[in-house]
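The values are calculated or read from the model by the stated rules, or taken from the named source; none is laboratory data. Here the structure is a predicted model, which means the values were calculated and not measured. Quick reminder, even Gly has a Cβ in these numbers, built from the backbone with ideal geometry, and neighbours come from all protein chains shown.
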Amino acid sequence: MQTRRQFLKISALTTAVFPFLKVKTFGKTPFKESSTKPIVLSTWSFGVPANAEAWKVLNGGGWALDAVEAGVKIPEGDPKVHSVGYGGLPDRDGHVTLDACIMDEALNCGSVAFIENIMHPISVARLVMEKTPHIMLAGDGAYQFAIEQGFKKENLLTPESEKIWKEWLNKSGYKPKIDGVNHDTIGMIALDTNGRLCGACTTSGLSFKYHGRVGDSPIIGAGLYVDGEYGAATSTGIGEEVIRISGTHLVVELMRQGRNPQEACEEAVNRVVRNKGSKIDSDFQVGFLALNKNGDYGAYAVNKGFQYAVYSQEENNLLKDSKSHL
Ligand code: ASP
């Protein structure tokens, strides 16, 4: 749960804490014809250290799938990130419930939804992909599968998150509300030196949501989609609105039809905007990131303030304010 002001602080901190990353930050960013590989992109400022981890794999000539899994595990394990993994804010009943999915260049994919007490849901999603005939496991079944695969049961509710939840309980009347600050996701998409496109997406979803709520992030074609022949896309923001338009599948399909990544993200956001009409205000956020097979990328959001990180050619950059509708 981070306000824009907190994000700016975090960006400054990221630079202070990870000076070796050579982080550069930029303002409004146009479509970038980078045509470079390897390259990795991810959502929000916690994407900076996540990309740095992914880069270790990509730079060594490794598989983009290994890179995105390793990358998103960084915010999953970071208790200071309140919208992903350990330290994520709980639902209204105090349960930290997590959603994650992963997809490779050959349409192989795996997902877990509404899983509790497992620090790295992305790795469970990968094992669903690799070791079961299924794509998605949810709730207790996902947890049981994780335990069978050797994952440890862990309490993900940190004292800090518990305190924030209790404060919310005192003032909210136990009513979930979606606003501009109570959610965020790491979505990561990467292209490796062998031209393989892969992606991963993981979140604790909306804080103080109804118990059992699942967002877009574990849904293939909503929070993440990869077509290894054309492109990859990931999303962040109000998951319900992304599911409604099959957001990332739409972005990738538009790239398949010839749009560049920027145009594809803009068209997907325009659909959200057309659908919501006058209900869009400064609290409403949906953003998309897209990367094509050439290494060109784009980003677009409904509201100002969408940040994303790009690591290519030895530089890890935080792009602080993507182009947006408002
Ligand atoms: N898309 C996430 C969800 O709805 C939240 C976010 O990325 O802001 O669960």
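At-a-glance table
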item	result
Among (1) within 13 Å of the ligand (Cβ to nearest atom); (2) surrounded by fewer than 22 Cβ atoms within 10 Å (Cβ to Cβ); (3) charged (D, E, K, R); (4) at pLDDT 95 or above, the one test that GLU241 misses	(2)
Subset of region 252-262 that is within 20 Å of the chain's Cα centre (by Cα) and of a type outside the set (A, V, I, L, M) - its residue that is surrounded by the fewest Cβ atoms within 10 Å (Cβ to Cβ)	GLU253
Lone unmet requirement of (1) in contact (Cβ under 8 Å) with a residue 24 or more places away in the chain; (2) part of a helix (DSSP H, G or I); (3) closer than 19 Å to VAL84 by Cα for LYS153	(2)
Positions within region 68-109 being of a type in the set (Ser, Thr, Tyr) and assigned to a strand (DSSP E or B), in sequence order	THR97
Residue ID - nearest to the ligand (Cβ to nearest atom), chosen from residues in region 281-295 that are under 14 Å from GLY228 (Cα atoms) and of a type outside the set (A, V, I, L, M, F, W, C)	ASN292
Helices (runs of 4 or more DSSP H) wholly inside region 202-302 containing at least 3 residues that are β-branched (Val, Ile, Thr)	247-256, 261-276
Scan of region 91-103 for residues that are crowded, with 24+ Cβ neighbours inside 10 Å and not β-branched (Val, Ile, Thr), ordered by number	LEU98, ASP99, ALA100, CYS101, MET103
Residues that are on the phi > 0 side of the Ramachandran plot and surrounded by fewer than 21 Cβ atoms within 10 Å (Cβ to Cβ), drawn from region 45-90	GLY61
Breaking point among (1) buried (at least 24 other Cβ atoms within 10 Å of the Cβ); (2) under 13 Å from the mean Cα position of the chain (by Cα); (3) within 13 Å of the ligand (Cβ to nearest atom), for GLY199	(3)
